[in-house]
Amino acid sequence: MAEVKVLGAWPSPFGYRVIWALKHKGVKFEYIEEEDHLNKKSKLRLQSNPVHQKVPVFIHDGKPVAESTVILEYIEETWPQNPLLPQDPYERAMARFWIKLGEDKATTLFFAFIRAVGEDHEKATNEWKELLQILEKHGLGKKFFGGEEIGMADLALGSVVCWLEIFEEIVGVKMIEAVSFPRLHQWIQNFKQEPLIKDNIPDRQKLVSFFKHRREAIVAAAKAS
Amino acid sequence: MEEVKLHGAWPSPFSYRIIWALQLKGIPYEYVEEDLSNKSSLLLQYNPVHRKIPVFLHGGKPVCESMVILEYIEEVWPNNPLLPNDPNERAVARFWAKFADDKGLSMWKMFRTEGNEQEKARTECQEMLRQLEEHWPAGKKFFGGGSIGMVDIALGGVAHWLPVIEEIVGVNILDPLAFPKLLKWIYNFKEEPIIKQNLPDQNEMFLFLKKQREILFLSP
């Protein structure tokens, strides 16, 4: 059987997209932790992803694939059981639209929330609110983006939204509330309660602690400069 | 066959991505020109999230976002494929198509800004070209191989729009000494008959974009 490896960093939501997809399809893989990923880049990381030098990287039979959404499409094509995309091409296009929105907006916000300070941070908070409004108004309505079953759009968006919820706690801005975003709130609860996600997500306190320290270091550095 | 329509705008490379895909696959379609300064209510109805072109309609159902539209077209009309057959090669193509789509925005940032912000965008644009040049697949006429593929289409903006932006903002990034493979590709891409017959006039574009930039920097 061809070897499947995932190189990831435990605090990163992007690696979990890949882990969830593989577990959903029952694909056996070896997980390799990129130790101290903020300060060190392993040889494997640099070799497998020379362009961006980031994790996650996915390696199948020795051949690397980089960029989590590209990896998800590869996994879907290579292991079609328990599909993560609908069969119908139009429905697939809808799913890909939401995945792209997640990539373009949510991923940018993810990094902004950690790294931005002052005015930039306020801008990020406003953009976060706008994104939630878009998802609430246009995106949600069923149990998951995929319908009754979890799908690729859920993995792509759910990962980032889960982490952003944690950031809300750290920066003291609570936005995902049932009263303001009922459908979004319900969707993220459905997502977090799904066994696939629940059993394969880092401990919340561990994440809070990690990002709190990270944020504190960044804010301190910004003040010092 | 169900009706195929494209809502686009003549100065937009994103619009042309779809035109090229449809032409390469020989799919008949109706083209609707949108005035971006006065967007039609239909456009706002079809793309309520982004309110942008291109919007692709198949049997009346809208698909938005040019890269999502390309994947849809590829699936519904698999003739003259834009992606390779082999899954790993497809992943490599998708990686570079995403790269071109994400990083290509830097040229527009360069167009819309000045000073430090523009310098930053220019650096990003140069870095994008550097990565492309470094990782360009050896001995291939197009990124897709012998024929145009999804990556080539995604990079169309670099081929035809970046030179115009360069002239307007007064920079020179597409240096043939620094980017020989890329410049060769640009030539091959624009000489390909289907592309050559489906490109906006560069002079008209220069005048249009120059005016747009002037409007951007009019003092309030």
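The values are calculated or read from the model by the stated rules, or taken from the named source; none is laboratory data. This structure is a prediction, so every number in the text was calculated from the model and none was measured. Note that each Cβ is placed from the backbone with ideal geometry, even for glycine, and that neighbours are counted across all protein chains shown. Side chains included, ligands, DNA and RNA excluded: accessible areas come from the protein's heavy atoms. Shrake-Rupley method; radii C 1.70, N 1.55, O 1.52, S 1.80 Å.
Filtered by the rule that a residue be open to solvent by less than 50 Å² (accessible area, probe 1.4 Å), modelled with pLDDT under 90 and part of a helix (DSSP H, G or I), the range A:168-214 gives A:E168, A:I170, A:V171. Going through the range A:17-32 one residue at a time, which ones are surrounded by 18 or more Cβ atoms within 10 Å (Cβ to Cβ) and either of a type in the set (S, T, N, Q) or in contact with a strand residue (DSSP E or B) (Cβ under 8 Å, 6 or more places away or on another chain) (or both)? Hits for the range A:17-32 are A:V18, A:I19, A:L22. Among the conditions (1) in contact with a strand residue (DSSP E or B) (Cβ under 8 Å, 6 or more places away or on another chain); (2) within 15 Å of A:V18 (Cα to Cα); (3) facing another protein chain (nearest Cβ under 10 Å), A:K54 misses just one, which is (3). The residues of the range B:198-220 that are assigned to a loop (DSSP other than H, G, I, E, B) and free of Cβ contacts under 8 Å to residues at least 24 places away in the same chain, listed by number, are B:D201, B:L218, B:S219, B:P220.
Answer yes or no: is there a residue in the range B:80-96 that is within 9 Å of chain A (Cβ to nearest Cβ), of a type in the set (D, E, K, R) and either in contact with a Cys (Cβ under 8 Å, 6 or more places away or on another chain) or more than 30 Å from B:V164 (Cα to Cα) (or both). Within the range B:80-96, one or more residues are within 9 Å of chain A (Cβ to nearest Cβ), of a type in the set (D, E, K, R) and either in contact with a Cys (Cβ under 8 Å, 6 or more places away or on another chain) or more than 30 Å from B:V164 (Cα to Cα) (or both). The strands (runs of 3 or more DSSP E) falling completely within the range B:15-72 that include 2 or more residues that are more than 12 Å from every other protein chain (Cβ to nearest Cβ) map to B:30-33.
Pairing each residue of the range A:65-84 that is without any contact (Cβ under 8 Å) to a residue 24 or more places away in the chain with any residue that is of a type in the set (S, T, Y) and crowded, with 19+ Cβ neighbours inside 10 Å, provided the two are 6+ apart or on different chains, yields C-beta distances under 9 Å for A:V65/A:S48; A:V65/A:Y74; A:A66/A:S48. Residues that are within 14 Å of another protein chain (Cβ to nearest Cβ) and modelled with pLDDT of 95 or more are absent from the range A:30-42. Tell me yes or no: at least one residue of the range B:71-90 is aliphatic (A, V, I, L, M), closer than 20 Å to A:S68 by Cβ and in contact with a strand residue (DSSP E or B) (Cβ under 8 Å, 6 or more places away or on another chain). The answer is no, given that none of the residues of the range B:71-90 is aliphatic (A, V, I, L, M), closer than 20 Å to A:S68 by Cβ and in contact with a strand residue (DSSP E or B) (Cβ under 8 Å, 6 or more places away or on another chain).
Kindly establish whether A:P64 is under 23 Å from B:H135 (Cβ atoms) and either more than 17 Å from the chain's Cα centre (by Cα) or not hydrophobic (A, V, I, L, M, F, W, C) (or both). It is true that A:P64 is under 23 Å from B:H135 (Cβ atoms) and either more than 17 Å from the chain's Cα centre (by Cα) or not hydrophobic (A, V, I, L, M, F, W, C) (or both). Considering only residues that are open to solvent by less than 40 Å² (accessible area, probe 1.4 Å) and not in a loop (DSSP other than H, G, I, E, B), which ones fall in the range B:81-97? Once the filter is applied, which keeps residues that are open to solvent by less than 40 Å² (accessible area, probe 1.4 Å) and not in a loop (DSSP other than H, G, I, E, B), the range B:81-97 yields B:N88, B:A91, B:A93, B:R94, B:F95, B:W96, B:A97. Of the helices (runs of 4 or more DSSP H) lying entirely inside the range A:63-125, those containing at least 2 residues that are β-branched (V, I, T) and more than 10 Å from every other protein chain (Cβ to nearest Cβ) are A:107-115.
Those helices (runs of 4 or more DSSP H) of the range B:101-178 in which at least 1 residues are at positive phi, considering only elements entirely within it, cover B:115-135. Filtered by the rule that a residue be under 21 Å from A:E77 (Cα atoms) and among the charged types (D, E, K, R), the range B:57-113 gives B:E71, B:E74, B:E75, B:D86, B:E89, B:R90, B:R94, B:K98. Within the range A:140-167, the set of residues being open to solvent by less than 20 Å² (accessible area, probe 1.4 Å), over 16 Å from the mean Cα position of the chain (by Cα) and not hydrophobic (A, V, I, L, M, F, W, C) comprises A:G147 only.
Within the range B:12-27, residues that are touching a residue at least 24 places away in the same chain (Cβ under 8 Å) sit with their Cβ atoms under 7 Å from residues that are aromatic (F, W, Y) and surrounded by fewer than 20 Cβ atoms within 10 Å (Cβ to Cβ), at 6+ positions apart or across chains, in these pairs: B:L22/B:Y29; B:K25/B:W77; B:I27/B:W77.
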